[in-house]
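Engineer: For reference, the structure I am asking about is given below.
Where a number appears in this text, it was derived from the coordinates with a stated rule and is not lab data. Everything quoted here is computed from the prediction, not taken from an experiment. Because the Cβ atoms are built from the backbone with ideal geometry, glycine has one as well, and the counts that use them run over all protein chains shown.
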Amino acid sequence: MKHLLSIEQISREEIDGVLRRTAEFKTNRGRISSRPLAGQTWALLFSKPSTRTRVSFEVGIRELGGESIYMNAADAQLGRGELIKDTARVLARMIHGAIIRTYAQRDIEEFAEFSGVPTVNALTDDEHPCQILGDIFTIQEKLGTIGEKVVTFVGDGAANTAQSWLFAAGKLDFELRIASPKRYKPSPELLKRAGGRVMCTEDLQEAARGADVLYTDIWVSMGREGEEARRGAELAPYWINESLVKLAKPGALVMHCLPAHRGQEIDEKTLEANAQTIFDQAENRLHVQKAILAELAKAE
């Protein structure tokens, strides 16, 4: 694995390798271990700010023996001013890898192409692969293998997290149900590309019935703040609450990739009742990202 740009672009074997190493890193955290990033400096280029993503990557790089440089939108100028391919070719002479959180998927792909250094997608408008790999690890940690499980995504089915779930379903043999209003469903072209067992429905109760996992995300992503009122009205029926959880399997996981807006995509009581899972899910971003970085360093 040279880069992690998309769940779509990595193999089942590469996913399994990352998940195995994630378990090792989580079990052995704080003990003396290998430092595959020793002597390396990685750049975090963030056009979109973040709490969990930035902290988990910076801590992970440090724990693997490396150093990090953080550059925000004004510093990095991704997609503005200097061409991305020129920025990539300059930074490649100074850094050992890049972790990029931005808007356009094409920007990350172009950076990887022209820099040649290992590049990680820390979120774009199209995909959020690190989040979904961490989520899959969390599910397997608590329920066993994800194969043959039913994951129900509630909310904006065309969002980046939902799209990454689509590609994961096509590779890992679980059933994905997407419950969303019609205009928030993934496109037919995307569904065809992803393959797998995917059901898209406007019937939230049908999607939740018998599910092993109920999963949701915020309704308004960065860059879409002007759509907040419309999205709030259209997505209002598509949220996770106590009555929905009762339709899922006994012991089903309730997951949220955070930040959570209580009273919108999930209610307060349901979030707090499932806080252990949700915050384990957040913690596992650290462990899975360490595994990703170690796999990329190994491939160098």
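Engineer: Give me the log10 of I(q) over I(0) for the range 130-281 at q = 0.11, 0.13, 0.16 Å⁻¹, as the Debye formula computes it from C-alpha points; what are the numbers?
Structural biologist: -0.36, -0.52, -0.81
Engineer: For helix 129-143, report the angle its Cα long axis makes with the longest principal axis of the Cα atoms of the chain; keep it between 0 and 90° and round to the nearest 10°.
Structural biologist: For helix 129-143, the angle is close to 60 degrees.
Engineer: What are the ³J(HN,Hα) couplings of the range 283-290, residue after residue, when phi is run through the Karplus curve with 6.51, -1.76, 1.60 and θ = phi - 60°? Round to Hz, x for glycine and proline.
Structural biologist: 4, 5, 4, 4, 5, 5, 6, 4
Engineer: Follow-up. Which cross-chain or sequence-distant (5 or more) residues have an amide H under 5 Å from the amide H of residue 178, H modelled 1.01 Å from N in plane?
Structural biologist: 153, 199, 200, 201
Engineer: How high is the relative contact order of the range 130-281? Use alpha-carbon pairs under 8 Å, at least six apart in sequence, and give a whole percent.
Structural biologist: Worked out over the range 130-281, it gives 23 percent.
Engineer: Can you tally the net charge around residue 278? Count Lys and Arg as +1, Asp and Glu as -1, for every other residue whose Cβ sits under 11 Å from the Cβ of residue 278.
Structural biologist: With Lys, Arg at +1 and Asp, Glu at -1, the net is -4.
Engineer: Quick one: Karplus J couplings for the range 112-120, per residue in order, coefficients 6.51, -1.76, 1.60, θ = phi - 60°, nearest Hz, x for Gly and Pro?
Structural biologist: 4, 4, 8, 7, x, 8, x, 10, 10
Engineer: Can I ask one more? Using the 10 angstrom Cβ neighbour count as an exposure proxy, how do 70, 215, 184 rank, fewest first?
Structural biologist: Least crowded to most crowded, the residues run 70, 184, 215.
Engineer: Grab the beta carbon distance between residue 206 and residue 142, set R0 = 30 Å, and tell me the FRET efficiency rounded to 0.05.
Structural biologist: Working: r = 24 Å, r/R0 = 0.82.
After rounding, the FRET efficiency stands at 0.75.
Engineer: Among 154, 198, 117, rank each residue by its count of other Cβ atoms within 10 Å, from fewest to most, as a rough exposure measure.
Structural biologist: On the way: 154 28, 198 19, 117 23.
Exposure proxy ranking, most exposed first: 198, 117, 154.
Engineer: In a Debye calculation with equal point scatterers on the alpha-carbon sites of the range 34-127 and no solvent, what is log10 I(q)/I(0) at q = 0.11, 0.21, 0.26 Å⁻¹?
Structural biologist: For the range 34-127, the Cα-only Debye profile gives -0.27, -1.02, -1.46.
Engineer: Okay, moving on. Evaluate 2.2 N^0.38 Å with N set to the residue count of the chain, then give the Cα radius of gyration divided by it.
Structural biologist: 0.97
Engineer: Cross-link list 2/48; 2/290; 142/249; 2/298; 26/142: which exceed 19 angstrom alpha carbon to alpha carbon?
Structural biologist: 2/48
Engineer: With contacts defined as alpha carbon pairs under 8 Å and 6 or more residues apart, what's the relative contact order of the range 34-127 in percent? The partial results should precede the final answer.
Structural biologist: Details: 163 pairs, mean separation 29.7, N = 94.
For the range 34-127, the relative contact order is 32 percent.
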